[in-house]
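Heads up, the thing below is written out as structure tokens.
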Amino acid sequence: MFLRHRRESIERPGCIRVSRRASIRAVDTPKTRYAKTADGVHIAYQAFGDGPINILFVLGWVTHIERMWDQPKIARFLEHLASFGRVMVFDKRGVGLSDRVPEDRLPSLEVRIDDARAVMDAAGSTRAIVLGHSEGGPMATLFGATYPERTIGLILFGTSVCWNGASDYPWSELRYGTPEEMEAFFDDRERRWGTKPYAAEYIAESFAPGLANDEPTIAWLADYMRNAASPGAANAFAAMNSMIDARSALQRLFRAVS
């Protein structure tokens, strides 16, 4: 829980207490539940809000769906999202509050979108707008192409359909340079994962440059990283993400709507 200025508080369904402006404000973290996949993996998820549409929010890289509420700007964004839809968020298998997986047997995109479908089933959602951010973008794209009957529409931001540096796709999300540069980058992240200096650099380069010197945000992100994944898992998932190429799923979507 965190405190913020408000004028009055009102209760909203889904375990969120939202408020209009006043002196102090508390936001309760939505209840975390678990969806069980066909292969027996437990996926941590939250469902909150009472709007007329369902929104499946596919987050990127490593996450922790309870610790993210400790960041006021993220909590405010999620509250606004929940003001017009019922939002579902989840930790992908291997990160956050979901079951861990061996780092040498990480799930494919196909497995991860089936985990997302399991979350929708557990939350009682038959169809949803799929909102994808970062690595969640290609996941959302593949979900829409694989389960069109369960997809109302896609919203993609801060993402790319191809992350592997393909020469015929100049907008690829990730470019590490030479193999030696990539190895040095990964070694540095493993050494400094979850530290405040690393969190500050990540904020400056990839997250929110305007908050690069904001001590509460830096402390929050360092703590969030440590709780979301171990250094080895963070690197393993980053390496896996660097191989993503969901262009064929995008083509299937275009054919379906044309």
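Cross-link reach is defined here as a Cα-Cα straight distance under 18 Å, omitting same-chain residues fewer than 8 places apart; for LYS92 the lysines meeting it are LYS31, LYS36. Take the Cα of THR126, go 7 Å toward its beta carbon, and the backbone nitrogen atoms of the range 34-62 under 19 Å from that spot belong to 51-56. Annotation: amide H of ASP50 within the under-5 Å range of GLY85, sequence separation 5 or more or interchain, hydrogens built in the peptide plane.
Taking the charge dipole of the range 115-258 about its Cα centre, with +1 at Lys and Arg Cβ atoms and -1 at Asp and Glu Cβ atoms, the residue from ILE129, SER242, ILE155 reaching farthest to the positive side is ILE129. Averaging the Cα positions of each part gives two centres, and for the range 206-258 and the range 107-127 these lie 19 Å apart. Given the C-alpha centroids of the range 55-80 and the range 143-203, what is the distance between them in whole angstrom? With the range 55-80 and the range 143-203 each reduced to a Cα centre, they are spaced 18 Å.
Projected over every direction and averaged, the convex hull enclosing the alpha-carbon atoms of the chain yields 14.3 nm². Assuming a viscosity of 1.002 mPa s and a temperature of 20 °C, what translational diffusion coefficient in µm² per second does Stokes-Einstein assign to the range 110-173, Rh being the Kirkwood radius over Cα pairs? Reported coefficient: 175 µm²/s. Taking the Cα centre of the chain as reference, the dipole from Cβ charges on Lys and Arg (+1) and Asp and Glu (-1) amounts to some 1220 debye.
Volume per residue for the range 20-130 equals 100 cubic angstrom (convex hull of Cα atoms). Taking label positions 7 Å along the Cα-Cβ direction at both ILE152 and GLU103, the computed distance is 4.0 nm, reported to one decimal. For the chain, relative contact order (Cα pairs under 8 Å, six or more residues apart, normalised by length) works out to 17 percent. Annotation: amide H of ASP245 within the under-5 Å range of TRP163, sequence separation 5 or more or interchain, hydrogens built in the peptide plane.
Values in this text are rule-based calculations from the coordinates and carry no lab data. All values derive from a computational prediction rather than experimental measurement. In this analysis, Cβ positions are derived from the backbone assuming ideal geometry, glycine residues included, and neighbour counts consider all displayed protein chains.
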